[in-house]
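The next block holds one structure in the form of structure tokens; read it before the comments.
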Amino acid sequence: KGGAPLLDLRGIRTGYGRIEALHGLDVAIHPGETVALVGANGAGKSTLLRVISGLQPLTAGTVTFDGDNLNRRKAADRVHRGIVQVPEGRQVFAGLSVEDNLMLGAFSRRRDKGLADDLEAMYQRFPILKEKRRLHAGNLSGGQQQMLAMGRALMAKPRLLLLDEPSMGLAPLIIEEIFGIITELKREGITIFVVEQNASEALAIADRGYVLETGDIVATGSGETLLNDESVKAAYLGG
Ligand code: ATP
């Protein structure tokens, strides 16, 4: 794809103490793309997301977003720039109402009149959240909490939406529903980086994918190419 990447990661190295977790990897995400990062437990997927969010210091490499070097930019600044994450395990505020969780998603925005409209748009997208808007988020099912976490992130008007294991702990039918929602967001042109252990589902909806293995990118290509790659199949797609 031509044009400058929205997010450009170059030579990323980082680790924990003396243990290096990412060994100098390159990842680029272009505007409007849906990109999947797949890999086994402990490959370094969460570490890479922490690098993008600004929660993980680098030992080498650069994080460039929309042409700006973010290396010295703190996590909060990155959220203001539009890098918004749906965390692993949803992490909704269980004791707050569904509606308050959604409104919290907009905290990083300047005060504007569009909030009420955006809330209504979110309820159109997720009717179940409208139905349950007065309930504590802790009362929602896992799938509903994932929708809430996604709605909360969308309220921030992300330029890059980071999804950390959106299918984790959900039943197969609910996983289908969540990937359906991601496909919908993709159609709307939102730039998405989705990190998944559920490689087949993620690659099936992605424009491109990267396979991460113990801190190195070992394969990259279109979602379809990776889905049909023999070594990827053997390692990540149950043969
Ligand atoms: P998972 O799906 O289990 O979250 P992952 O692909 O996200 O796996 P990471 O959590 O990024 O992998 O871990 C990459 C490597 O860094 C692993 O070897 C892990 O043991 C190590 N690691 C992760 N967090 C820490 C930490 N806080 N302290 C020490 N080592 C860590």
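Taking the solvent-accessible surface of protein heavy atoms with a 1.4 Å probe, what is the per residue accessible area of the chain in Å²? Let's see the in-between values first.
On the way: 11440 Å² over 239 residues.
Heavy-atom accessible area per residue stands at 48 Å².
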Just Ala121, Ala149, Ala206 to compare: in a GNM of the chain, with alpha carbon springs under 10 Å, which one fluctuates most?
Ala121
For Thr191, what residues show an amide H to amide H distance below 5 Å, using hydrogens built from the backbone and excluding near sequence neighbours?
Gly32, Leu161
Find the centroid of the Cα atoms in segment 84-99 and in segment 204-239, then give the distance between the two in whole Å.
29
Debye intensity ratio in log₁₀ form over the Cα atoms of segment 54-109, taken at each q of 0.14, 0.15 Å⁻¹
-0.51, -0.57
Segment 11-74: equivalent-ellipsoid semi-axes (sqrt of 5 x gyration tensor eigenvalues, Cα, Å)
19, 16, 9
Return the long-range amide H neighbours of Leu55 (sequence gap of 5 or more, or a different chain), with a cut-off of under 5 Å between placed amide H atoms.
none
For the pairs Lys74/Lys157; Lys130/Lys157; Lys45/Lys130; Lys45/Lys157, note any where the Cα-Cα span goes beyond 22 Å.
Lys45/Lys130; Lys45/Lys157
Carbon/sulfur accessible area of segment 183-239, % of total, 1.4 Å probe, equals 45
Paramagnetic reach from Leu96 (point 7 Å along Cα→Cβ, amide N under 16 Å) across segment 142-161:
145-157
Anyone know which of Glu99, Glu20, Glu131 comes out most mobile in the 10 Å Cα GNM of the chain?
Glu131
Using each residue's phi in segment 33-40, evaluate 6.51 cos²θ - 1.76 cosθ + 1.60 at θ = phi - 60° and report the 3J(HN,Hα) Karplus result to the nearest Hz, with x for Gly and Pro.
7, 10, 10, 9, 10, 10, x, 6
Phi to ³J(HN,Hα) by Karplus 6.51 cos²θ - 1.76 cosθ + 1.60 over segment 218-228, Hz, x for Gly, Pro:
9, 7, 8, x, 5, x, 5, 4, 5, 4, 9
When only alpha-carbon atoms are used, what values of Rg and Dmax, in angstrom, describe segment 141-216?
12.3, 35
Could you derive backbone 3J(HN,Hα) for segment 163-169 from the dihedral phi with the Karplus parameters 6.51, -1.76 and 1.60 (θ = phi - 60°), listing whole Hz in sequence and x where the residue is Gly or Pro?
10, 9, 6, x, 8, 4, x
Take the solvent-accessible surface of the protein heavy atoms, probe 1.4 Å, and return the percent of it on segment 9-135 that carbon and sulfur atoms account for.
50
Residue-averaged [θ]222 nm for the chain, counting only DSSP H segments that reach four residues, each worth -39500 (n - 2.57)
-10000 deg cm²/dmol
Can you give the angle from 0 to 90° between the axis of helix 172-187 and the longest principal axis of the chain, with both taken from C-alpha atoms, to the nearest 10?
90
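Using 0.36 nm per residue, how much length does the chain from Leu173 to His136 gain when fully extended, once their Cα-Cα distance is taken away?
Values: separation 37, 0.36 × 37 = 13.32 nm, distance 2.40 nm.
Here the answer is 10.9 nm.
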Have a look at the chain and give its Rg and Dmax from the Cα atoms, expressed in angstrom.
17.5, 52
Those aspartates and glutamates that a straight Cα-Cα span of less than 16 Å connects to Lys233, excepting residues fewer than 8 apart in one chain:
Glu196, Glu201, Glu213, Glu224
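The values are calculated or read from the model by the stated rules, or taken from the named source; none is laboratory data. In this text the structure is predicted, and so the values were computed from the model without any measurement. Using ideal geometry, Cβ is built from the backbone for each residue, glycine included, and neighbour counts are taken over all protein chains shown. Ligands, DNA and RNA are stripped out before the accessible areas are found, and what is left, the full protein with its side chains, is counted by its heavy atoms. Shrake-Rupley method; radii C 1.70, N 1.55, O 1.52, S 1.80 Å.
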